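The values are calculated or read from the model by the stated rules, or taken from the named source; none is laboratory data. Small disclaimer: the values here were computed from a predicted structure and weren't measured. Note that we place each Cβ from the backbone using ideal geometry, even for glycine, and neighbour counts take in every protein chain shown.
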Amino acid sequence: MRNTDEEWLNIEQSRTTRKTMAQRTRLLLLIPHLGGGGAEQVTALLVRKLSPEKYDLHLTLVTQTVPGPSELPEWLAVHAIGARRVRLAAIPLLRLVRRLHPDVILSGMAHLNFLVLLLRPFFPRRTRVLVRQNSTVSSALAADRRPRLARFLYRLLYHHSDRVICQSGAMADDLAAELGIATETLVVLPNPIELDRIRAACDAPSLWQGTGPHLLAVGRLAHEKGFDLLLEAFAAVRRDFPHADLVIAGEGAQRAALEAQACRLGLDAAVQFAGYVDMPYCFYPGATLFVLPSRQEGMPNALLEAAAAGIPLVTTPASGGIVDLLSGCAGAWLAPVISAHALAETLLRALRILERAQRFEFSFFSPAARTSHPPVPGQFAFTRAVEAYEALIDAIADATDRVDRS
């Protein structure tokens with residue numbers, strides 16, 4: 001069971017071996033809810049692994065009423081606001097921040113970032129705000145139904161954050177060019193990936209039936225994720241590989257439309273909509289390819305997790321970060337453009353080369369890994385990624401303390 005707001009203090013007081021709350025940095029992490037996409041997963045991983053000796057950790061679920069079952073640590077203070085929409089959470093969120101007086105707030109999604117930065121003038125004076133950008137800004141603006149309003153909010157509010165966390169150098173460059181944010185405000189931090197856990201799951205029995213090839217895709221069922229493009233491409237693949245099948249793990253508003261599209265394309269028996277799967281690693285054993293058909297992305301955890309398992313990758317050029325990461329990698333095929341035809345051609349090219357259940361060692365997970373922005377060894381190793389977040393949080397908190405003492 002999760003701890004209530006009243007219980008967490010008693011739990012902390014009983015832990016005599018830890019530093020006192022006054023000595024630790026009080027850190028408040030904000031996400032809409034648990035069990036969502038990559039942004040929520042990154043936050044859930046961070047609260048499990050950030051040091052409780054260094055941080056007085058709090059997690060706020062803005063649109064969730066009760067935490068529900070999860071792997072969150074028992075000593076974590078969880079605050080479930082339960083607003084119907086993020087924008088309706090302003091008053092309870094402000095009350096919570098003024099009650100907790102956090103040293104640092106870390107917000108993990110763009111629309112929540114807007115709310116936090118809008119409220120910032122009313123936060124306690126010493127509270128610092130970090131926002132994590134989870135998509136490439138230019139692509140997000142191009143796909144937004146109200147791009148002028150979105151651009152206005154980005155330009156108005158992001159300048160008031162202490163740091164903007166980007167998932168790749170290409171994303172940071174794009175954000176600086178689009179919004180004119182000072183480069184010293186931007187920081188590139190890798191997404192944490194649990195390599196050992198993923199690789200251990202690969203030893204489980206295969207869930208796939210038939211001869212395949214077996215294609216796997218994971219993500220929220222939304223327009224920007226491009227699953228409609230994948231279904232069109234998969235129909236073309238089936239003409240050359242009639243026993244191919246596809247699992248799509250994820251939930252979202254487009255599920256009914258995608259199921260209807262699969263029916264129109266005659267793919268009913270070949271496509272499984274698995275719904276939301278907390279750990280999609282169960283599909284890794286026996287998978288032939290992982291497919292990322294997105295129209296826009298940041299640095300998706302689903303792609304990185306599949307790469308950690310060594311699964312061959314086919315992806316659209318959904319962000320500069322993805323292109324930088326995968327260009328020239330053995331075992332990764334990048335479609336030249338974002339379209340169903342280009343994706344189909346790329347899938348066929350990969351499938352004609354791959355051997356059954358072939359696996360690859362992707363260099364960006366190795367200690368000698370190098371990427372184009374700037375070189376970072378083994379950047380997605382879990383411990384390294386968490387240490388990078390801790391270093392940023394500590395630097396921001398220390399800077400605040402120096403200002404207060406001056």
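Check Ala89, Ala77 and return the single one that is small (Gly, Ala, Ser), assigned by TED's automatic domain parsing to the domain that holds Arg26 and more than 28 Å from Ala388 (Cβ to Cβ).
Ala89
Only one of the numbered conditions (1) outside any helix (DSSP H, G or I); (2) under 25 Å from Thr25 (Cα atoms) is not met by Arg145, and that is (2). Restricting attention to the range 331-353, the residues that are surrounded by fewer than 24 Cβ atoms within 10 Å (Cβ to Cβ) and within 21 Å of Gly212 (Cβ to Cβ) add up to 12. Modelled with pLDDT under 95 and out of contact with any Cys (no Cβ under 9 Å at 6 or more places or on another chain): is that true of Gly320 in this structure? Yes, satisfied. I'd like to check something: does the range 149-167 contain any residue that is farther than 27 Å from Ala395 by Cα, among the aromatic types (Phe, Trp, Tyr) and in a helix (DSSP H, G or I)? The answer is yes, given that some residue of the range 149-167 is farther than 27 Å from Ala395 by Cα, among the aromatic types (Phe, Trp, Tyr) and in a helix (DSSP H, G or I).
Of everything listed in (1) under 30 Å from Arg120 (Cα atoms); (2) touching a residue at least 40 places away in the same chain (Cβ under 8 Å); (3) surrounded by fewer than 19 Cβ atoms within 10 Å (Cβ to Cβ), the single unmet condition for Ala204 is (1). Scanning the range 328-349 for residues that are in contact with a Ser or Thr (Cβ under 9 Å, 6 or more places away or on another chain) and among the small types (Gly, Ala, Ser) turns up Ala330, Ala332, Ala335, Ser339, Ala342.
Looking across the range 225-252, the residues that are within 25 Å of the chain's Cα centre (by Cα) and part of a loop (DSSP other than H, G, I, E, B) come down to Gly226, Gly250, Glu251, Gly252. Within the range 75-129, being within 20 Å of Thr25 (Cβ to Cβ), assigned to a strand (DSSP E or B) and of a type in the set (A, V, I, L, M, F, W, C) holds for Ala77, Val78, Val104, Ile105, Leu106, Val129. So if I check each of Ala222, Ala253, Ala249, Ala260, which one is within 18 Å of Ala318 (Cα to Cα), without any contact (Cβ under 8 Å) to a residue 60 or more places away in the chain and surrounded by fewer than 22 Cβ atoms within 10 Å (Cβ to Cβ)? Result: Ala222 is the single residue among Ala222, Ala253, Ala249, Ala260 that is within 18 Å of Ala318 (Cα to Cα), without any contact (Cβ under 8 Å) to a residue 60 or more places away in the chain and surrounded by fewer than 22 Cβ atoms within 10 Å (Cβ to Cβ).
Per-residue answers, yes or no, for (1) at pLDDT below 90; (2) in a strand (DSSP E or B); (3) hydroxyl-bearing (Ser, Thr, Tyr); (4) buried (at least 20 other Cβ atoms within 10 Å of the Cβ):
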| position | (1), (2), (3), (4) |
| --- | --- |
| Ser51 | yes, no, yes, no |
| Asp56 | no, yes, no, yes |
| Thr63 | yes, no, yes, no |
| Pro73 | yes, no, no, no |
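It is to be established whether one or more residues within the range 367-379 are at pLDDT 90 or above and among the basic types (Lys, Arg). No - not one qualifying residue is present in the range 367-379. Taking the stated definitions as given, is Gly266 crowded, with 19+ Cβ neighbours inside 10 Å and either assigned by TED's automatic domain parsing to the domain that holds Ala350 or modelled with pLDDT of 95 or more (or both)? In short, no.
Among the residues of the range 194-225, just one is at pLDDT 90 or above, among the β-branched types (Val, Ile, Thr) and out of contact with any strand residue (DSSP E or B) (no Cβ under 9 Å at 6 or more places or on another chain), namely Thr211. Candidates in the range 263-282 are the residues that are touching a residue at least 60 places away in the same chain (Cβ under 8 Å) and not in a helix (DSSP H, G or I); of these, the one that is farthest from Leu215 (Cα to Cα) is Asp278.
Summed over the range 300-317, the residues that are outside any loop (DSSP other than H, G, I, E, B) and at pLDDT 95 or above give a count of 3.
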